[in-house]
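Structure first, then comments.
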Amino acid sequence: MDKNYEESELFKMRHSAEHVLMQAMQNIYGKDKIIMAMGPAIEEGFYFDFDSPENFAVSEEDFPKIEEEMRKIIKENQKIERREISISEARELFKDNPYKQEWLDEIEAKGDKMVTIYANIDNDGKEVFVDLCKGPHIGSTGQIGKIKLLSVAGAYWRGDEKNKMLTRIYGTSFKTQKELDEHIIFLEEVKKRDHKKIGKELDLFTFSELVGGGLPLWTPKGTIIREELDKFVWELRKAKGYQKVAIPHITKKDLYIKSGHWKKFANELFKIKTREGHEFAMKPMNCPHHTQIYAHVQRSYRDLPQRYAETTMVYRDEQSGELSGLSRVRCITQDDAHVFCRFDQVKSEFFAIWDIVDEFYSKFGFELKVRLSFHDPKNFGAYLGDSKTWKKAENILEELAKERKVEFEIVEGEAAMYGPKIDFMAKDSLGRQWQVATIQLDMNMPESFDLTCINENAEKERVVMLHAAIMGSIERFTSVMIEHTAGKFPAWLSPEQVVIIPIGEDNHTYADKIEEKLKAEGIRVLNDKRDDMMQSKIRDAQKMQIPYMVIIGKREEQEEKVSIRYRDEQKNVVMKLDEFVDKLEDKIEKRDLILEM
């Protein structure tokens, strides 16, 4: 979450709105049915998790009366008062709440003696609501502005599926009704573009309870998209001198102990015991494997850079409650690459990857911003290496960004375990920002694995390692891209690029001829010879977001022409068949965003 937002009045207002939601629900239903768990402010609003008896439930149908009670509390302009109390006082105050007692256990384990609470005080000076909370909050409920409850869902306590399932209510608040109304319209558009919804409508991927959560199954259409994306990235990499490598999906525990990943990610690994008792893991990342490809022979400085690329799945034991469509999965297809080079080659290699990033994202109309993700000096134990090495690496990245003449922000705490990185933030068509591509500068893993080259003086010289992912992961990028385009993919990426719509049965022979010609040129085509009305076929093609409809009747056949309709247009464009094929091939080859010819 952005630090500026966390310190803003809007964040404080939403945090206070979440307290008002708790208070309103306890007023309506009673404290025996609304047992407070937790409820923070989040980027676009707030949420509140609560426990309740098994025979009690809250649905979206209850939102109007809850909102009415919230507005009543806001109108009363209750004072919001911050207090420091002892842990023993807090234990007594929340004696019937096991969730607050668990928080207090953790606070006490850190050695703290005092905790912060926030209380709402009515106009008679009576305390009407209190919660264990660090804040921050605004001064009174009257400053909250306009509120709206959005949805209800299940959520495991603290995101752990081993814990009890609680009820979570999401809401938001804005200073003005105009801002709130605009946000509701935005949320409706987000809902329409939800990649899970569009993925189902376009038959791109599915999930199976028998296979398991977070393990997407790609249909033939979805697989075309995956392969086209990967093909594009590989074309760009191949032009920069990369070579493909391949590694197994499991490894001995020893590899990740040496790399440092076992210690940091032990709880996220899928672990395997062999019949002989050896412990293996499903790989959660590829970089340690790639170090071993580099290290299997002694390298000369003349051999560098070594550039390895591989699109492969990695596996992470994500919690069930955190899984979400393609955005958060357990099997992640990384378009991964690693460069092993000398220090004086870092700039040219970094800029080569940067060129690939710019070229790739230009084909989708994304606007990119740059974030320098540095380590958190207050939590240095979370990283490999020493502070001197980290400072050197971070200075290099800052110099590269300045030389590239781009605006950038520096964010502490977002670095990888082994090095700082340049993260590319893509703004989508709804104005949302996503972290997509990344280039990481790693001076620590080469140290851990003793990766060297023989330099001009016949001495061993430590190499540098660059980690680069253009999409990050195919799953997550596809989810972002689907929502960015609303499923209206450019022609080069569409599973079906052309649908042929013969007006009548008399036109089937000509339709077959067009189909044969298009397929011979490698164009993905559907020949819709169903016994349906032409308008019905057009509507079906539009629902499936097929870029080009080739409508043919008697006149088109006689003149060897085609009548082209673009998926979002009502007018037809008539041209010679050969002209259409040539123009379409050019659009596909250039990976053009625009359909019009």
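The values are calculated or read from the model by the stated rules, or taken from the named source; none is laboratory data. Every value quoted in this text rests on a predicted model; they were computed, and no experiment measured them. Here the Cβ positions follow ideal geometry from the backbone for every residue, glycine too, while neighbour counts run over all protein chains shown.
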Pairs returned, first residue in the stretch 78-106 that is under 29 Å from Pro53 (Cβ atoms), second residue that is of a type in the set (Gly, Ala, Ser) and at pLDDT 90 or above, beta-carbon separation under 6 angstrom, 6 or more apart or interchain, are Tyr99/Ala37; Leu104/Ala90
Being of a type in the set (A, V, I, L, M, F, W, C), in contact (Cβ under 8 Å) with a residue 12 or more places away in the chain and under 17 Å from Ala468 (Cα atoms) narrows Leu397, Leu430 down to just Leu397
Residue hits (the stretch 171-182; within 10 Å of Lys148 (Cβ to Cβ) and either free of Cβ contacts under 8 Å to residues at least 12 places away in the same chain or outside any helix (DSSP H, G or I) (or both)) are Gly171, Thr172, Ser173, Phe174, Asp181
Residue hits (the stretch 360-409; among the β-branched types (Val, Ile, Thr) and closer than 18 Å to Ala437 by Cβ) are Val370, Val406
Output for Cβ contacts, cut-off 7 Å, separation at least six or different chains, first residue in a helix (DSSP H, G or I) in the stretch 278-294, second surrounded by fewer than 22 Cβ atoms within 10 Å (Cβ to Cβ) and polar (S, T, N, Q), reads His289/Thr251; Tyr294/Gln306
Within the stretch 403-422, the residues that are surrounded by fewer than 23 Cβ atoms within 10 Å (Cβ to Cβ) and more than 21 Å from Ser259 (Cα to Cα) are Glu403, Arg404, Lys405, Val406, Glu407, Phe408, Glu409, Ile410, Val411, Glu412
Of Gly241, Gly213, Gly199, the only residue that is under 19 Å from the mean Cα position of the chain (by Cα), modelled with pLDDT of 95 or more and not assigned by TED's automatic domain parsing to the domain that holds Ala541 is Gly199
Checked Gly212, Gly139, Gly159 against criteria (touching a helix residue (DSSP H, G or I) at 6+ places or on another chain (Cβ under 6 Å) and either among the aromatic types (Phe, Trp, Tyr) or surrounded by fewer than 20 Cβ atoms within 10 Å (Cβ to Cβ) (or both)); the one match is Gly159
Okay, strands (runs of 3 or more DSSP E) sitting entirely in the stretch 1-120 with 2 or more residues that are closer than 14 Å to Leu149 by Cα, I get 45-51
Scanning the stretch 401-444 for residues that are of a type in the set (Ser, Thr, Tyr) and either in the same structural domain as Leu187 (by TED's automatic domain parsing) or under 30 Å from Gly381 (Cβ atoms) (or both), the one modelled with the lowest pLDDT turns out to be Tyr418
Might you check whether a residue that is of a type outside the set (Val, Ile, Thr), closer than 22 Å to Gly385 by Cα and part of a loop (DSSP other than H, G, I, E, B) occurs anywhere in the stretch 254-262?
yes
